[in-house]
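Each remark here refers to the structure printed beneath this line.
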Amino acid sequence: MRPVSVLALAGAAAVSMSLLTACGGDGDEAGAADAIAVTATDDACEVAKTELPAGKTTFKVANEGSKVNEFEVLKPDGKILAERENIGPGTSVDFVVNLPAGRYKLLCSAGQTGKGPSQDVTVTGGAAGGADPRLSKAAADYKAFVIVQTDDTIAKTKKFVDAVKAGDVEKAKELYAPSRVGWETIEPVAEKFGDLDPKVDAREADLKPEEKKDWSGWHLLEKALWKDGSVKGKEKYGDQLLADLGTLKSRLPGLTLDPVNDMAGGAKELLDEVATGKVTGEEEAFSHTDLVDFKANVDGARKIYDLLKPVVQERDAQLAKDLDDNFASVETLLKKHEKGDGYVSYDKVGEDERKELADAVNALGEPLSRLAAAVAK
C-alpha cells in the first residue's frame, strides 16, 4: 500500500494514471446494479447502507476529492479484509468483495496513507450456496505458494545482508534485486499485515520529513549502495530487514486467504503496483532495477490467475481469453529488455519504450479488474 506519486515521467505516468480511470470496474453488471454507493472525498467517506447481507457485495466507490484514494474493508482488529487502491480523482470503481458475517469499518484514505474517515457496517446472515471446492483448493495452493516465496525471499535477503555487513558494495548490489523478487510476487499478502510493508519496503520519496528518522528496509540500503557508495553503519538495517521478514513468515500459518478478496483482488493490486511505481521508474529510484520488480509483480498476478483459471474459464470464457492474451503481450514486451539473467537498467529504457510497457499494462488491467466478479459469481 503506497501513495501514488505525481512526480513521474510524463509519458509513462500519463498512461499509468489512465489505469486509475479506464480500468476501474470489476465488470459484473448484475452486481453493479445492486452496488452499495460509497462517496469518498478528501475528508469524508459516505456509505449508502450500513446493514449488509453476507456474501458477494459490490461497492461503487466514487472519488469526489482532489487526491488519489483507496477504499479499505477493515476487520475489528484493524487488519485489512479487502482493499482497492488507486481510485483517481473524479473516477469511480465497482469493487467486488466477499463479506462474511461480522462488523467492519469501511475506510476511505485520501492520499493512500492508510488513514482517513470511516463508516461502521454490520454484515449478517450466511453466503448463498456452498463453496466451490476448486476455489478452496486454489486458495490452499496459493497459500503454499506464498510460503515458498517468503522462504525464498528470506534466503536471498540473508545473502544480501551478509554482503552489506561485510561492506562488499558490489556484491550487495548484485544481490539486491534478486532478494526482492519473492516479496514483490506476493506483496498484497504481506500488506495484509499493515505494520510490515512500511518497515521493509517504504520509499524515501513517500516519507514525511518527521518519518525519515524511522526509515528502514530495502530502499534505505538501496540508497546507501547506489547513491552513497557505502553501507558503513547500515548493518543494523540489514538485521532489521531480516527480522521483519521473519515476522512475516511467523504470521503465515494462521493466515486464511479468500479467492475473491485476497487472490483476485491481490492480482489487481499487483498490477496497480506496476502501473504506479515500476512503469514510472519511481520504485527503484537509485538502483533502476524496476524491471525486475515489474516482472515479479506480473508473475504474481499470473500465478493467481492460473490458479483461478479453471473457474474463470467456465464462468467467463471471454475473460479467460482476454487475460491469456494480455498477459502474453506484457511478458513478450518484457523479454525485449532482458539482459543476462536480469533486465537492463531502467534509466536506459526510453520514454517511448516506457509508454509501450505502460500501454500493455493498461490493456491487461482492464480484464484483470473483472477477475473478482467472475470468481464471485
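Filtering region 203-215 to residues that are over 20 Å from the mean Cα position of the chain (by Cα) and in a loop (DSSP other than H, G, I, E, B) leaves Lys208, Trp215. Just a yes or no: is a residue in region 301-317 in a loop (DSSP other than H, G, I, E, B), of a type in the set (D, E, K, R) and at pLDDT 95 or above? Yes; the residues of region 301-317 include at least one that is in a loop (DSSP other than H, G, I, E, B), of a type in the set (D, E, K, R) and at pLDDT 95 or above.
Hey, does region 123-142 have a residue that's surrounded by 13 or more Cβ atoms within 10 Å (Cβ to Cβ), modelled with pLDDT of 95 or more, more than 21 Å from the chain's Cα centre (by Cα) and in a strand (DSSP E or B)? Within region 123-142, one or more residues are surrounded by 13 or more Cβ atoms within 10 Å (Cβ to Cβ), modelled with pLDDT of 95 or more, more than 21 Å from the chain's Cα centre (by Cα) and in a strand (DSSP E or B). Listed conditions (1) farther than 25 Å from Gly277 by Cβ; (2) of a type outside the set (Val, Ile, Thr); (3) modelled with pLDDT of 55 or more are all met by Asp42, apart from (1). Out of curiosity, is Phe294 among the aromatic types (Phe, Trp, Tyr) and surrounded by 23 or more Cβ atoms within 10 Å (Cβ to Cβ)? When the stated conditions are applied, Phe294 passes them.
The values are calculated or read from the model by the stated rules, or taken from the named source; none is laboratory data. It should be emphasised that the depicted structure is a prediction, and the values quoted were computed from it without experimental measurement. Glycine also receives a Cβ, built like all others from the backbone with ideal geometry; neighbour counts cover every protein chain displayed.
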